[in-house]
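Everything below concerns the one structure shown next.
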Amino acid sequence: MTSHQSPERHLTNTAPTVDAVRVLTINTHKGFSFLNRRFILPELRDAVRTLSSDVVFLQEVLGTHHRHGERYDNWPDAPHYEFLADTMWPDFAYGRNAVYPDGHHGNALLSKFPILHYENLDVSITGTEERGLLHTILDVPGQLDLHAICVHLGLREGHRREQLRLLCRLLDQLPADEPVIVAGDFNDWRQRADAQLAGCELKEVFVEAHGAPARSFPARFPLLRLDRIYVRNLDIHEPRTLYRRPWSHLSDHAPLAVEVRFQ
């Protein structure tokens, strides 16, 4: 587990009240295009910047990879989440999940609001791929603490069921009236997560707006509904799937975007 505490929240006490937050979630595919043909992280950063999102949820983002750094001329010196944050998102958090000889990757969150605290909760199932829930607490001016949880669940349904149970346990520990956003790659192609998370009072933004989760994979011809954005104590405004160019060529997953409004 990793954690971080940011400076005191009095820095934002005098800022104007924020009534809405623009959210984006994307599986970065470790900075490579579909089928790993090109390293396109700089292009992905340019595209993400055009959206002016307030909070960005990232999955499969590299912290470091020594061998790739030697092979690609445009490989950044900074960790990928820091490279993506650049000057637009002053606060960011990273939860390292998978570690291997050349480096590591995990989930990350970029925020225009101060991150008061974060921790990476290990939800790996013994003997399978490493997975984590990156829980951050954001200081949004004029609002209660905003909980943002970045998720990347396992490939097996039984593992996902257990990981969702652990997510619900985390949610049960949060104050009932505080707003929550849970977003990321759920790998839930059989669409079982909604029923399990309903017990945690989460609602999925595309289900609420359109009756079904968004088709997000593969990005060029989205068929499977793998990625999700769930909220609690927040209102939903215009969820969108970004599946046209340039997004269809910047990852194997199409990004999801929504504006959430405080109640």
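The values are calculated or read from the model by the stated rules, or taken from the named source; none is laboratory data. Predicted model only: the values in this text are computed from it and were never measured. Ideal geometry is used to build each Cβ from the backbone, glycine not excepted, and the neighbour counts take in all protein chains shown. For the accessible areas, the whole protein counts, side chains as well, though only heavy atoms, and no ligand, DNA or RNA atoms are used. Shrake-Rupley method; radii C 1.70, N 1.55, O 1.52, S 1.80 Å.
Worth pointing out:
- Candidate set: region 205-263, residues that are of a type in the set (Ser, Thr, Tyr) and either surrounded by fewer than 16 Cβ atoms within 10 Å (Cβ to Cβ) or modelled with pLDDT of 95 or more (or both); chosen: the one nearest to Leu51 (Cα to Cα): Thr241
- Exactly one residue among Gly142, Gly106 is at pLDDT below 95, of a type outside the set (Ser, Thr, Tyr) and in contact with a strand residue (DSSP E or B) (Cβ under 9 Å, 6 or more places away or on another chain), and that residue is Gly106.
- Of all the criteria given as (1) surrounded by fewer than 18 Cβ atoms within 10 Å (Cβ to Cβ); (2) out of contact with any helix residue (DSSP H, G or I) (no Cβ under 9 Å at 6 or more places or on another chain); (3) closer than 19 Å to Val23 by Cβ, the one not satisfied by Asp185 is (1).
- Residues in region 116-166 that are farther than 23 Å from Leu234 by Cβ, part of a loop (DSSP other than H, G, I, E, B) and not charged (D, E, K, R): Val123, Ser124, Ile125, Thr126, Gly127, Thr128, Gly154, Leu155.
- The listed residue being hydroxyl-bearing (Ser, Thr, Tyr) and within 25 Å of Ile115 (Cα to Cα), out of Thr136, Thr241: Thr136
- Taken over region 159-171, residues that are farther than 14 Å from Arg131 by Cα and open to solvent by less than 40 Å² (accessible area, probe 1.4 Å) amount to 3.
- Residues that are in a helix (DSSP H, G or I) and either modelled with pLDDT of 95 or more or surrounded by fewer than 16 Cβ atoms within 10 Å (Cβ to Cβ) (or both), drawn from region 52-98: His66, Arg67, Gly69, Glu70, Arg71
- Residues in region 122-147 that are of a type in the set (A, V, I, L, M, F, W, C) and crowded, with 18+ Cβ neighbours inside 10 Å were compared, and the one that is farthest from Val180 (Cα to Cα) is Val123.
- Close contacts from region 173-198, counting a first residue that is closer than 20 Å to Gly142 by Cβ and in contact (Cβ under 8 Å) with a residue 40 or more places away in the chain and a second that is open to solvent by less than 40 Å² (accessible area, probe 1.4 Å) and not in a strand (DSSP E or B), with Cβ to Cβ under 6 Å and a gap of 6+ residues or different chains, come to Glu178/Asp145.
- Residue in region 102-113 that is aliphatic (A, V, I, L, M) and open to solvent by 10 Å² or more (accessible area, probe 1.4 Å) present: no
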